[in-house]
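Written out below as structure tokens is the structure these notes cover.
The values are calculated or read from the model by the stated rules, or taken from the named source; none is laboratory data. Keep in mind it's a predicted model, so treat the numbers as computed, not measured. We place every Cβ from the backbone using ideal geometry, glycine too, and count neighbours over all the protein chains shown. SASA here: full protein model, heavy atoms, side chains in, ligands and nucleic acids out. Shrake-Rupley method; radii C 1.70, N 1.55, O 1.52, S 1.80 Å.
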Amino acid sequence: MLLRAKFINAEKHPYIKEAYETLQEVSQDRATQLEYLAREKAIRDHNQLMLEARQSALRDYEQILLARDKTIGNYEQIVLAKDKAISDYEQTMLAKDKAISSYEQMMLEMQQQSDQLKLEAQQNERRGIEAMILDGIEENFSKEKILLKLQRRFGLTEEQANQYYVELSEI
């Protein structure tokens, strides 16, 4: 209860209020959620790869120091350890590039899914508009009443509603 009260007070701050409104909006849109989750996954993957690269580089560096301390003058072992560190780094960079490529592919697929969802939503809206107009005509509602319902239910302008009415009343 106390946390809710603190959050309500925090809503008075414009940045928190804007973030809250954005969160509400994003949480209602499936395509936006999928994009957000994909971005978050790519960021986590990238961060994990960078952490592993740093840890690997640190381990390699420690090995180089031990080799130097144990075998002063053994230049060949130090060069091999350095080459291994470079090879590990290059492998890590290849893995990072692969993760980025996977992320880009996933984003492309998500964009295609989003486009498909938008198309289906438009088609469904069109069917709803058609049904409302045809039902209104069938029920002998006046043109004005049908247009007002279209504007109210579908958020159409008067011109858009009239355009649908003219198009569908000829059927």
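Here are the numbers for this structure:
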| item | result |
| --- | --- |
| Any hit, the stretch 80-92, residues being touching a residue at least 24 places away in the same chain (Cβ under 8 Å) and exposed (fewer than 12 other Cβ atoms within 10 Å of the Cβ) | no |
| Filter pass, K96 being among the basic types (K, R), under 20 Å from the mean Cα position of the chain (by Cα) and part of a helix (DSSP H, G or I) | yes |
| Check on E130, open to solvent by 70 Å² or more (accessible area, probe 1.4 Å) and free of Cβ contacts under 8 Å to residues at least 40 places away in the same chain | no |
